[in-house]
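In what follows, a structure is listed as structure tokens, so that the remarks can point back to it.
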Amino acid sequence: MSLPLNRGQLPFLLQLLLLGLLVGLACWPLNLVDHAQELLLQRLPNFAGGAWTLQGLAIALAPVLVMPALLWLQAGPWGRGSGSGIPQTIESLENPEQAAALMAPFATVARLCLWTAASLALMPLGREGPVVQLGAAVAHGLRQRFPRLLAKLSTQSLMAIGAGAGLAGGFNSPLMGAVFVVEELTGRFQTAVLWPAVVVCSAAALVSNLAGTPLFTLGMVQTTQPEWQQLLWALPVGVGGGLLGGLFSRILWQSSALLRQRVRQRPLAWGLGLGVALGLIAVASGGWSGGDGEALMAQLLEGRGSLPVPGLPVSVIGWLLVVAARLVAPILALAAGIPGGLIDPAFAIGALFGSGSLELLGGSSELGLALGMAAALAGATQLPLMTVLFALRMAGDQQWLFGILLSAVVGAYVGRQIQPEPIYHALWNLGRSGDQSAPRR
């Protein structure tokens with residue numbers, strides 16, 4: 001039986017709900033941008049099911065113009081808005097004296113504007129970086145303006161909870177946001193932080209859902225596969241997906257080290273080169289390389305379009321080329337410092353690999369998609385618990401639990417062998433060191 005709230009606890013609970021509602025409202029416009037991106041993707045042939053049009057070509061080639069402009073802004077007046085947003089949040093938690101600059105309104109708005117432009121240009125970026133930083137910035141701003149608000153929590157704990165609420169609001173997944181706080185940002189399970197995080201993340205996700213964010217992103221993906229078959233396939237798919245996720249984070253880390261100073265010194269030249277590369281990949285893939293990847297995963301489940309299904313040698317090559325496009329394209333944008341995230345791109349890589357692999361081997365493509373997306377995300381982030389919760393939220397059916405859990409654990413282990421340091425902290429350390437050379441192997 002639960003204990004009733006006393007007079008001292010009720011104001012604290014109401015303040016937590018207020019923080020969650022404010023973070024959720026702040027995330028609302030980003031969810032609308034994500035919806036606009038899906039509408040633009042429907043103008044591309046492999047999502048629309050038709051041929052290339054002038055409008056579709058213009059949309060696919062938008063990075064040719066947008067990337068140089070964004071890199072120029074990042075190298076100059078909007079420099080504080082460059083980067084994912086999660087390394088900046090970690091820096092603010094580890095060194096609170098930096099929070100005033102990193103969580104400042106200008107830096108936050110600049111990052112959101114850069115991400116919005118990149119997303120509408122169909123660059124293959126996730127959104128966890130901007131929403132995490134946004135949530136932390138809202139919490140930091142409240143503490144600066146109202147020092148007595150949520151006084152039971154330290155400034156660092158408050159920012160961590162706000163960051164988790166941003167993730168919950170951006171993905172409509174409250175448990176994912178709460179676990180992210182303790183699994184990644186604080187690194188330890190503390191009841192004094194965990195339960196307030198659950199309250200704040202739940203409130204933020206509630207507001208996010210009112211913006212039209214689907215409850216289960218991929219719909220209700222039901223399965224009749226018995227648990228023993230899920231576990232049987234989870235091992236090989238977990239290894240393969242974890243390998244891809246680990247390679248994704250490793251190459252992203254190395255590419256970030258190589259490009260960090262170069263794009264600042266010659267933003268227009270590098271922006272043009274990277275933009276042309278993204279545009280050509282989008283055209284060559286018929287549009288499949290564009291966007292955050294959620295529309296592609298939905299297409300895999302619904303069987304729409306002409307996505308290569310492994311079978312004949314030619315279709316196997318086409319499938320592998322699409323997987324390669326989804327691996328390379330996000331790195332080109334993220335390594336240049338464009339604000340974004342790797343959750344959705346890693347999910348898409350794993351979904352393509354898993355569904356295609358099981359289709360090729362005579363298994364269920366839906367099972368392969370579920371196992372692959374969990375393995376690749378866990379391999380890329382090394383956050384298996386967060387991955388399991390989000391994968392179940394995406395699929396909407398708890399019957400996937402056994403396979404997703406094993407696939408995520410195996411994927412995280414394999415990813416750690418390739419990229420020993422978790423990617424968010426690796427990028428944070430890269431930014432702190434200012435090392436202009438490529439990381440050592």
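May I ask you to list the residues in the stretch 126-167 that are more than 14 Å from Ile86 (Cα to Cα) and among the aliphatic types (A, V, I, L, M)?
Hits for the stretch 126-167 are Val138, Ala139, Leu142, Leu149, Leu150, Ala151, Leu153, Leu158.
Which of the residues that make up the stretch 311-352 are over 24 Å from Gly83 (Cβ atoms) and β-branched (Val, Ile, Thr)?
Of everything in the stretch 311-352, those that are over 24 Å from Gly83 (Cβ atoms) and β-branched (Val, Ile, Thr) turn out to be Val314, Val316, Ile317, Val322, Val323.
Give the stretch 44-68 a look and list any residue that's open to solvent by 50 Å² or more (accessible area, probe 1.4 Å) and within 28 Å of Val109 (Cβ to Cβ), or say none. Before you say what the answer is, go through the steps one by one.
We begin by selecting, within the stretch 44-68, every residue open to solvent by 50 Å² or more (accessible area, probe 1.4 Å); these are 48-49, 51-55, 57-58, 61, 65.
Matches in the stretch 44-68: Ala58, Leu61, Leu65.
Do we find that Phe390 is in a helix (DSSP H, G or I), assigned by the TED database to the domain that holds Glu302 and open to solvent by 40 Å² or more (accessible area, probe 1.4 Å) in this structure?
Numbers: in a helix (DSSP H, G or I): yes; assigned by the TED database to the domain that holds Glu302: yes; open to solvent by 40 Å² or more (accessible area, probe 1.4 Å): no.
Against the criterion (in a helix (DSSP H, G or I), assigned by the TED database to the domain that holds Glu302 and open to solvent by 40 Å² or more (accessible area, probe 1.4 Å)), Phe390 does not qualify.
Given the options Gln419, Gln398, name the one that is of a type outside the set (Val, Ile, Thr) and surrounded by fewer than 19 Cβ atoms within 10 Å (Cβ to Cβ). Can you show your working first?
Working: Gln419 fails: surrounded by fewer than 19 Cβ atoms within 10 Å (Cβ to Cβ).
Testing whether each residue is of a type outside the set (Val, Ile, Thr) and surrounded by fewer than 19 Cβ atoms within 10 Å (Cβ to Cβ) leaves just Gln398.
Residue by residue, here is whether (1) surrounded by fewer than 20 Cβ atoms within 10 Å (Cβ to Cβ); (2) among the polar types (S, T, N, Q); (3) over 13 Å from the mean Cα position of the chain (by Cα) holds:
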residue	(1), (2), (3)
Ala121	no, no, yes
Leu125	no, no, no
Leu134	no, no, yes
Val138	no, no, yes
Arg143	no, no, yes
Lys152	yes, no, yes
Gly162	no, no, yes
Ala165	no, no, yes
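Within the stretch 101-111, can you find the residues that are in contact (Cβ under 8 Å) with a residue 40 or more places away in the chain and either surrounded by fewer than 24 Cβ atoms within 10 Å (Cβ to Cβ) or out of contact with any helix residue (DSSP H, G or I) (no Cβ under 8 Å at 6 or more places or on another chain) (or both)? Full working, then the answer.
Initial filter on the stretch 101-111 (in contact (Cβ under 8 Å) with a residue 40 or more places away in the chain): 103, 111.
Of everything in the stretch 101-111, nothing turns out to be in contact (Cβ under 8 Å) with a residue 40 or more places away in the chain and either surrounded by fewer than 24 Cβ atoms within 10 Å (Cβ to Cβ) or out of contact with any helix residue (DSSP H, G or I) (no Cβ under 8 Å at 6 or more places or on another chain) (or both).
Which of the residues belonging to the stretch 193-204 are farther than 22 Å from Gln382 by Cα and in contact (Cβ under 8 Å) with a residue 24 or more places away in the chain? First the steps, then the outcome.
At the first step, the residues of the stretch 193-204 found to be farther than 22 Å from Gln382 by Cα are 195-196, 199-200, 202-204.
The answer is Pro196, Val199, Val200, Ser202, Ala203, Ala204.
Take residues that are small (Gly, Ala, Ser), open to solvent by 10 Å² or more (accessible area, probe 1.4 Å) and at pLDDT 90 or above and tell me which of the helices (runs of 4 or more DSSP H) falling wholly in the stretch 240-358 contain 2 or more. I'd like the intermediate steps shown before the answer.
On the way: elements: 267-284, 294-302, 313-334.
Where helices (runs of 4 or more DSSP H) fall fully within the stretch 240-358 and carry at least 2 residues being small (Gly, Ala, Ser), open to solvent by 10 Å² or more (accessible area, probe 1.4 Å) and at pLDDT 90 or above, they are 267-284, 313-334.
Pairs needed: first member in the stretch 170-185, not assigned by the TED database to the domain that holds Thr89; second member anywhere, modelled with pLDDT of 90 or more; C-beta distance under 9 Å; at least 6 residues apart or different chains.
Cβ pairs passing all conditions: none.
The values are calculated or read from the model by the stated rules, or taken from the named source; none is laboratory data. None of the values given here were measured: they were computed from a predicted structure. Every residue, glycine as well, gets a Cβ built from its backbone with ideal geometry; the counts of neighbours run over all protein chains shown. With ligands, DNA and RNA removed, areas are computed over all heavy atoms of the protein, side chains included. Shrake-Rupley method; radii C 1.70, N 1.55, O 1.52, S 1.80 Å.
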